[in-house]
Structure formats: structure tokens, C-alpha cells
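Structure record follows, encoded as C-alpha cells.
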Amino acid sequence: MAKVHVTTSINGEPMEFLCEPSDTMLDALRGPLALTGSKEGCASGDCGACSITVDDRLVCSCLMLAVESEGHEIRTIEGLAQGEKLHPLQQKFLEMAALQCGICTSGMLVASDALLKKNPDPSEEEVRFWLAGNLCRCTGYDKIVRAVMETAAEMRAQ
Amino acid sequence: MNLVTNNKWIGQRTIRPDGMDKVTGRAQFAADTTMPGQIWGKVLRSPHPHARIRSIDTSKAEKLPGVKAVVTSKDIVDFPIEKGAVMLGIQDMRWMCRNVMARDKALFPGHPVAAVAATTEAIAAEACKLIEVDYEVLPWAIEIDDALKSDAPILHEFNKFDGKPSNIVGRLEHKKGDIEQGFKKADIVIERTFTTRPVHQGYIEPHACLISVAPDGKTTIWSSSQGQFMVRAMTAYLTGIPQSDIRAIPAEIGGGFGGKTIVYLEPLATLLAKKSGRPVKMVMTREEVMRATGPTSGSKSTVKIGATKDGRIVAAHGTFYLQAGAFPGSPIRGAAGCSLTPYDIPNLLSEGYDVCSNRSKVAAYRAPGAPIGAYAVECVLDEVAEALKMDPLDFRLKNAAKEGTKAAHGPVFPRIGYIETVEAAKASPHYAAPLGDGHGKLRGRGTASGFWFNAGGESSAQVNITEDGNVVVTTGHPDIGGSRAGIANICAELLGIDYRRVSVIIGDTQTVGFSNLTGGSRVLFASAMVVTQSTEKIIQTLRERAAKIWEIDPEAVKWENGAAHPVSPNAGQFEPLTLEELAEKAPAMGGPIGAGVQLNTQGADGGFGTHVCDVEIDVDLGIARVIRYTAVQDVGRAIHPGYVEGQLQGGVAQGIGWALNEEYIYTKEGKVDNPGFLDYRMPVCSDLPMIDCIMVEIPNPKHPQGVKGVGEVPLVPVMAAVANAIYNALGKRFYALPMSPPKVLEKLEGPMQQAAE
Ligand code: FES
Ligand code: FES
């Protein structure tokens, strides 16, 4: 089958790639685009390890076709830091030990960033429900929730 | 070995050395690795729970364009049953060679029967469908009761128990005193039977590997595992390639919890790579992980405990039947050996039975077996305490094991911290707080304790000083949960330098000495020992170098704050020589500075924990939610408190899942019916409360920093604590896990009596 040519923007950069019509966005990111920060934990939209944003909307990239990215703005974990400067969430995750094995971390950070963009002052319950689509088997979520809340507080203070 | 005091880094919440890569998406997990010329491997799996394999015809698959190699059990080294056990650690290669690929029988749905490598994953999957397997379908048994019936289908005809072919493939017992005499002395005796369902470790990263075999046989493996040396050894055994030709490189590991202590894909990918001459990548789907990798056992346990009116336990009898899955090896040692261990019981018999059935072979899961045993024991203890009208924690205190108590599994305890955990739980703000108003929902509180052996074992480290005076530490244990941070803290502390000057690397099998698995809560215990001794050797070298420069005796030089100093003015007046200065002078002063140590580490003390759990039950929906949780544990010494707490919180979350929701569900055809995250319901963020931790620190005197293993204890008491809390809320006790909504509803439909608060 002939491959499809897709033109899109990833982390603010114009990008072109070729993919099978049936490839998921996650396949494209991890394959031709060599952005392996998004992880595959389930391929069925249940773990959130592959979270990205599409035009600022939080999406499981395993549930989206790669061809659907045509003309849209994709953001992945690789685009969260600004050059050498970490995003405050990344910094806080490090300081507060909000990761253990780290396989869920990319997805957690992308999802948390999307939350704080939408709601800079979430309650603990709001954080918990927003992140309910991101499985973490290591941390018990405690430190992740705390890190998100604390980042939100610091970002509001700035 | 001196205990480090006045710590600058030990006990600090430093930023882990590998953290930056993990928060930016740079970290390389096994499935993130690629290689020029790489092709893809896929496994064909048995659809049947039990079937004789009459023949396999791979010819059609081999002809499919793009297919580069096909392997079947013929390609894997056989370890014949009759020749006896070939042990590698706790694994018998006779079972491993049959587990990675079915030999004459398929023993569970998902059992590999062939593997294919092709230029794309899709072609490999297509080729699997073209392989023709002639099966003779056999009757099967999945549940323990079915496997133990007198007419049960026998998985391994060679196995005999009591002289007859049987699915019981192992038994162990621990004994102390005389239980018959003991029970005679008891005023109250309670005996109950409990069942638990198999649950999966649930690591988010599926098994994956990339393997290259050069024409001369030199093999490179990148894979996610809890031990690169285990990967090397098992792959060597099963493929016939010598260990010296295999370089196993540990990728970052996305969770393991014991489930990545054996190999599934590596031997198959190695054989495919060898046959095809191309590097082969294999990644399991989530469904494959659920169907064909190790969950832990389902179980059936009977526990009988007798106590006198004054609250002394005088006798206990535990019988634990655990499902092994298709091959022997369920964690009966953990169930029978840990569950009664927190208590000083004069008369005791604890028996474990290893039962095979047509499910995937179990793998270790966090304190393997211990949570299953503790669930039964800690529930009965609560019933006994209630019958005696005693506070459950007071009852535990009264019977607590302490220094000098002889444990059921043999050892006499040294100074242990069990009592301190119960006291801390009792004194916690949580235990004193009122349960509060549930607004129509029923609330209850439960407690439970747990024990895990902890382990030492083989560990190697190499510490090198760089030319610019910084430090590179290489150890041999994959870092699952932040062990690099602990090692950096320790090395920086000993050298008296900033921890950011210490880089910690996980070496591959060909660059660092043998190191056993990341498992048994042993990694920081063992690696801290070898890193400490290596660093001490380096400090000795640095003192000698400074002594030479100053032309004084090395004994007259001390190492402090990252520099050599004269011990006293009598030794001479010299400006301190820093690590950087000594590193710069190294070429002229004896050459490179480095030291390595390899040890079989001993002296790992067991770990104890006591938990307090509050639940709230929605009586209309049958949903039990944990609304508050406190985990107390004797952690020896918290080298990095953030990651110690993380271990406690993660273990508790897994236990809550096991208690309330997680289970393998089977179809009538004997297949797993919920092989995905949607239906196999692990706790998500909104299911859980914050999890409070109280770290009791009773340093291990046999460890330079006082370390005790911490990773496994936190899962041990959880199911019992939740069950005891639910009993407290409902006045009804569950004797089966999980306590999922349909089961809670069923229970609620019976006559209700709420326990007094
Ligand atoms: S891989 Fe996309 S949600 Fe799990
Ligand atoms: S840190 Fe391991 S899954 Fe979240």
C-alpha cells in the first residue's frame, strides 16, 4: 500500500512524514518522527502513557490516526521544556520525586500541563479526575498530585 | 564500616541522577531502541488452555515475502525433565525452556508455540497466522479446587504427590512447638478459609527487547528487565550461546514489581536474530502481557489461631495453597514463611502447597506470597482480637515478635522494628481521628501488619574518579524506583562532595561485575555496601597520594569535606588537597584513581510494616473506597526519603487494587477475559486518597548506612487492612478477594448489622 504524506507541526516545528493510512499518531511519533518520549503502554487509550496535545486538546496518540495530524499543532513531551529551561511541572516532578520508573511520566506531564492551561487553580479532586486517564503503577499517585498542585500554586504566584 | 552521622546528603531529597532524562522524554526504555537493519519478531500463541501439540508446519509462513526466520521449540535448548533440576537462581531451566516455548503440550492460552521475524510487524503477525499447529485439545483446570480434584486433568504426568500423579508440585512447612498441645491451651480458637484471585504486576511498560547476533555469535541484547545478568544467563542457557558472547545492556525499565525477573522474549529474539542474520526487535502487546506473563498466584488459605483469655496467641496453623500456573514455582515460601512471622507464637505449623493449573506461569510480585498469607492471617487475628474484646493493635503488640524471638522460618530475630511500627500506628493522628460522617455512606477503619524477609546477595560496583575530579559510579542493578539517587547520596556523603558531582550508571553485563536481580528489596542494601567499600578504597588511595605529596605518613592524612587534610598540626602544616587537585595530579602520582568491589552481601534484616486504613462504602452501589490510609514501616535508614515514601505509597496503591478490584476473569473456554487495562481495573488517580507514610528508622547494624530493604513490605498488609476496615464498616467479613462492587452488594443483601464505632 502506498504511504501517505502528512504535513503537520510538532512542538512548534513544521514537519512532514510518511505513514501507512492505518498507523496511529503514536506509531508515527515513535517511528518516522523518532520522538520516543511518548510511550505505548496499552495501545487502547487506557493508560495515558502516549498523551499528546492536538491544537491544545489532550489526546491519547494511540487512538488517533497519524493522517489526522495533517495541518494541526501537535505537542509532545519533547516540546515541554523551553530549550535548556524545564517547564515548572518538570522541575517540580524532579524535586518532589513524582516519578519512580518514569514510564508514565511523559504522559503525566503532558496531561498535567493541559490541565493547568485550562484550569490554573485545580482542587485536589480536579487533579485526580483529570489524571484518571493516566495510569501509574509505581507512585500511588500521591507525589504526582502534590507536584501538580504545588506547580499550579507557584505558577499562579508568578 | 562506620555509620555515617551528621549527614549532608544521606536522608536528603536530592534530584535523582536519571531524572532529567525521564521528565524530558529522553530516557531510553527497551521499546525506544532501534538498530540499522532491524526486523520485527512476533509470537504465535496457543489458543487452548491445555493441548498436546501433534505437529507444527511452518512452511507456508516461511514462504511469505518479508519473513526472515521462524523458530519453534526445536530451536531452543531442551532441559529434559528426567535429568533433574537445572537451577538459575530460583528458576529451574526445565520449566523456563518450556515456558518460553511450548514443547509437547501447550499449557495455557497464550503459551508461545512459534515465533517469526519479518521485515515489518504486520508481516510477522500475518506469518504467524500461516503456521499450522495440530493440537489435540485436552481437558483443563484453572482454579485450585479443579486442579486438586481426584480426576483432575494432570498438567505434568511425571509429577507425583503422595505416590500419585498430581498437580501439587511442591510443599513446604515451617514448624515450631506442638500445635495440638497449643490449641488445647487456647480459650478461643478461630479458623477461617480465604481465597484470592490471580493479579498482575501491572507495570505500564510491556516487555520489549532488541537483539543483534553477529555472524561470529557475538550477541547484544537491549532489554527491559530486573536484571541484565539474569537476561544474559537465561538467554545463554536457552540458546546455547556462551555467556561471554552475550552483552546484555539494561534499558531503562518501566516498572517490574517482580514480573521482569524472568525472560519471555529474549531467547526467542536471539534465535530469530541468529537465524536471520538481522537485529530483531520484539515488543509485547498489553494483551500478550496479560495472557502470557506472570501474574501472581490465586490462592486458597486456611488459618486457625488459638489464644488465651489474656490475649496471648498459643497456637497457629496456616495452610496456603497457591496457584503456580503452568509450571512449578508459586511463592509458597512467602505465604507460609512471612504471614505468621510478626508474632511470637510458641506452637505453630505453616504449610504451603504449590499447585499447577492451566494459567500462565506465575512470576514474582512484590513480596511474593506474603500479601496472600498476611491477608488470611491478619483477618483471623482481628477476629480473635474482637472475640477477646481487645484493640487490634494492642493484641498485636501483646504478641509481637522482637529481638530474640525465633521466627517460624528459622532465624532468631536480631533487633527488629516491628513493635515500633505498631506503636507508631497507634500514636498516629490517623488512628486517633474520628471516622467522621459518611453522609449516608458507611465508614470503617482497619489495621494490619506485614513482614518481608528482605535479601542481600551478589552485587558489584566500580567507582572511578574522572580527570576533572568528579565521580562515576557503576553498579549492576537496574534502577526501577530511584536507587541511583540513593547511591549518589551515599557516595557523595562518603567523599564529602556535592552529590551532583556523582554520576551513577547501570553497567551492562560486560562492563561491571556480576550483580543479582533487582528484587527482594535488596538493591540499595547491596549496592550501598559495594559502593561504600569501593569509595572507602578510593579515599584510602587519595590519602596515600596526599601523604606522598606532603611526604608524611598516610596515617597522618584524613579525608574530610572532599579534601585531604593533615590529621593534626603535628602531622605538618599543609593546605588541603581537594579531590580535583588530586585527580589532576593523578598521572604523575600513581595513575588513574578507581576501585571496584564485588560481594555476596549478607545481613539484610527483615522488614515490618503496620497499616491503618479507612473505607467508605456506598451501600446502593456496593462501591468501597479507601478514603484515608497510613503506612508505617521500619525502613532502617531512609537514604532518600522521597523515594522511600514512594515505595510505600506505590505498594499501598497496588494492595488497594488487589483488595478491591483487580482479578483475572476467565471465559468458559479457559481464556483470560479481561486482558487489557480497561477491564483489568487497576486503581487510577481518582480511586485513591493521599497515602500518608510514617517512616520508623531503626538502622540495620549490619549495614554501613543502616539500610533495610523497603520496596516489598508496603504491599504485604494492605488487603487485610482494607478487609478489616470493610468489616468494621459493615459488620460483615469477606473471605474472598477482590471485594468488588457486585460482591459487596451481594453481601449487603444479607442481614445487616453495622459495627459499633
Ligand atoms: S498507549 Fe495510548 S493510552 Fe495507553
Ligand atoms: S512511575 Fe512507574 S508507572 Fe508511574
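A few notes on this one:
- Among the residues of the range B:673-686, the one identified as in contact with a strand residue (DSSP E or B) (Cβ under 7 Å, 6 or more places away or on another chain) and crowded, with 19+ Cβ neighbours inside 10 Å is B:Tyr680.
- Per-region count, the range B:690-734, residues assigned to a loop (DSSP other than H, G, I, E, B), open to solvent by 10 Å² or more (accessible area, probe 1.4 Å) and either closer than 24 Å to B:Leu435 by Cα or assigned by TED's automatic domain parsing to the domain that holds B:Thr532 (or both): 5
- Looking at the range B:302-404, the helices (runs of 4 or more DSSP H) lying wholly inside it that each contain 1 or more residues that are within 21 Å of B:Arg171 (Cβ to Cβ) sit at B:332-338, B:370-387.
- Looking at B:Val133, B:Val169, just one residue is more than 30 Å from B:Phe257 (Cβ to Cβ) and surrounded by 18 or more Cβ atoms within 10 Å (Cβ to Cβ), and that residue is B:Val133.
- Qualifying residue in the range B:641-655 (condition: away from every other protein chain (no Cβ under 14 Å) and either of a type in the set (A, V, I, L, M, F, W, C) or in contact with a Lys or Arg (Cβ under 8 Å, 6 or more places away or on another chain) (or both)): no
- Scanning the range A:63-98 for residues that are more than 25 Å from B:Ile480 (Cα to Cα), assigned to a loop (DSSP other than H, G, I, E, B) and either touching a residue at least 24 places away in the same chain (Cβ under 8 Å) or aromatic (Phe, Trp, Tyr) (or both) yields A:Met64, A:Glu70, A:Gly71, A:His72.
- Here B:Val303 qualifies as more than 14 Å from every other protein chain (Cβ to nearest Cβ) and surrounded by 24 or more Cβ atoms within 10 Å (Cβ to Cβ).
- Restricting the range A:84-140 to residues that are polar (S, T, N, Q), in contact with a Leu (Cβ under 8 Å, 6 or more places away or on another chain) and within 10 Å of chain B (Cβ to nearest Cβ) leaves a set whose member that is farthest from B:Val652 (Cα to Cα) is A:Gln90.
- Within the range B:387-403, the set of residues being open to solvent by 50 Å² or more (accessible area, probe 1.4 Å) and either at positive phi or touching a Lys or Arg at 6+ places or on another chain (Cβ under 6 Å) (or both) comprises B:Lys389, B:Glu403.
- Each residue in the range A:63-83 was checked for being hydrophobic (A, V, I, L, M, F, W, C) and within 13 Å of chain B (Cβ to nearest Cβ), and 4 of them qualify.
- Within the range B:202-226, considering residues that are over 19 Å from B:Glu121 (Cα atoms) and within 14 Å of chain A (Cβ to nearest Cβ), the one nearest to the chain's Cα centre (by Cα): B:Gln226
- So A:Leu99, is it open to solvent by less than 10 Å² (accessible area, probe 1.4 Å), within 16 Å of ligand 1 (Cβ to nearest atom) and either among the aliphatic types (A, V, I, L, M) or within 17 Å of the chain's Cα centre (by Cα) (or both): no
- Selection status of A:Ala152, in contact (Cβ under 8 Å) with a residue 12 or more places away in the chain, outside the structural domain of A:Leu18 (by TED's automatic domain parsing), within 16 Å of ligand 2 (Cβ to nearest atom) and open to solvent by less than 60 Å² (accessible area, probe 1.4 Å): no
- Inside the range A:17-32, residues that are open to solvent by less than 60 Å² (accessible area, probe 1.4 Å), over 16 Å from A:Gly71 (Cβ atoms) and not in a strand (DSSP E or B) make up a count of 7.
- Of all the criteria given as (1) in a helix (DSSP H, G or I); (2) without any contact (Cβ under 8 Å) to a residue 60 or more places away in the chain, the one not satisfied by A:Gly140 is (1).
- Every residue from the range A:99-136 that is outside any helix (DSSP H, G or I) and over 13 Å from B:Cys685 (Cα atoms): A:Leu99, A:Gln100, A:Cys101, A:Gly102, A:Ile103, A:Asn119, A:Pro120, A:Asp121, A:Pro122, A:Ser123
- Subset of the range B:59-71 (residues that are surrounded by fewer than 20 Cβ atoms within 10 Å (Cβ to Cβ) and either at positive phi or not hydrophobic (A, V, I, L, M, F, W, C) (or both)): B:Ser59, B:Lys60, B:Glu62, B:Lys63, B:Pro65, B:Gly66
- So B:Ala85, is it without any contact (Cβ under 8 Å) to a residue 60 or more places away in the chain and within 14 Å of chain A (Cβ to nearest Cβ): no
- Conditions (1) among the charged types (D, E, K, R); (2) farther than 28 Å from B:Gly651 by Cα; (3) within 16 Å of ligand 2 (Cβ to nearest atom); number of the one not met by A:Arg75: (3)
- Here B:Val86 clears all of (1) surrounded by 20 or more Cβ atoms within 10 Å (Cβ to Cβ); (2) of a type in the set (A, V, I, L, M); (3) in contact with an Asp or Glu (Cβ under 8 Å, 6 or more places away or on another chain) except the condition numbered (1).
- Answer residue from the range B:514-571, given it is more than 12 Å from B:Ala461 (Cα to Cα), touching an Asp or Glu at 6+ places or on another chain (Cβ under 7 Å) and small (Gly, Ala, Ser) and is surrounded by the fewest Cβ atoms within 10 Å (Cβ to Cβ) among those: B:Ala547
- Residue that is nearest to ligand 2 (Cβ to nearest atom) [pool: residues in the range A:4-16 that are touching a residue at least 12 places away in the same chain (Cβ under 8 Å) and surrounded by fewer than 20 Cβ atoms within 10 Å (Cβ to Cβ)]: A:Asn11
- Qualifying residue in the range A:47-62 (condition: at the interface with another protein chain (Cβ under 7 Å from one of its Cβ atoms) and either assigned to a helix (DSSP H, G or I) or touching a residue at least 40 places away in the same chain (Cβ under 8 Å) (or both)): yes
- Test: residue in the range B:582-600 that is under 29 Å from B:Ile694 (Cβ atoms) and surrounded by fewer than 24 Cβ atoms within 10 Å (Cβ to Cβ): no
- Restricting attention to the range A:37-51, the residues being within 13 Å of ligand 2 (Cβ to nearest atom) and among the hydrophobic types (A, V, I, L, M, F, W, C) number 3.
The values are calculated or read from the model by the stated rules, or taken from the named source; none is laboratory data. Note that this is a predicted model, so its numbers are computed, not measured. When we count neighbours, we look across all protein chains shown, and the Cβ atoms used for this are built from the backbone with ideal geometry, even at glycine. Note: areas computed on protein heavy atoms with side chains; ligands, DNA, RNA excluded. Shrake-Rupley method; radii C 1.70, N 1.55, O 1.52, S 1.80 Å.
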